[in-house]
């Protein structure tokens, strides 16, 4: 009885492996140029299955299927822009790892540069203003009008007691 159940489980594991192998799409062989193009797309696109991760870094099974689909599109002769366009249509603008340089999204590129320039300008103005203030002579410690001689004597007596 023990030997029969061992055979059954072995056959069951083999059957499961065959079913999984039948459903896993064969990975097409790409030329080095095509592999480079695929990698470029994998890094350029965020995974719709692993939020915040590039498609290249997502370990989910769905991302593996999407990578294989992209490889198939490359083998079919589609350009990088055509593939990205298909992905944008399917998953929306949120799939871009790097914002577009066109339209309102160009603000994502220009705003940080503008803030850096503005901050540098403000710091420069502040430093110059501070330097000018330090160059002004300090106000004299002695009063401008002479003191009454009697008051001067009284102050000296109080100080030097």
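The values are calculated or read from the model by the stated rules, or taken from the named source; none is laboratory data. Model, not experiment: these values are computed from the prediction. Neighbour counts are summed over all protein chains in view; Cβ atoms, including those assigned to glycine, are modelled from backbone coordinates with ideal geometry.
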Of the conditions (1) surrounded by 10 or more Cβ atoms within 10 Å (Cβ to Cβ); (2) at pLDDT below 85; (3) over 30 Å from residue 98 (Cα atoms), residue 146 clears all except one; give me its number.
-> (1)
Just one of the numbered conditions (1) farther than 17 Å from residue 35 by Cβ; (2) surrounded by 15 or more Cβ atoms within 10 Å (Cβ to Cβ); (3) modelled with pLDDT of 90 or more is not true of residue 90; which one?
-> (2)
Could you please find all residues in segment 65-87 being assigned to a helix (DSSP H, G or I), surrounded by 16 or more Cβ atoms within 10 Å (Cβ to Cβ) and free of Cβ contacts under 8 Å to residues at least 40 places away in the same chain?
-> 66, 67, 70, 73
For segment 29-64, which residues satisfy the criterion of being assigned to a loop (DSSP other than H, G, I, E, B) and surrounded by fewer than 12 Cβ atoms within 10 Å (Cβ to Cβ)?
-> 29, 31, 51, 52, 59
Consider residue 72 carefully, then state whether it is within 29 Å of residue 40 (Cβ to Cβ) and either at pLDDT below 90 or touching a strand residue (DSSP E or B) at 6+ places or on another chain (Cβ under 7 Å) (or both).
-> no
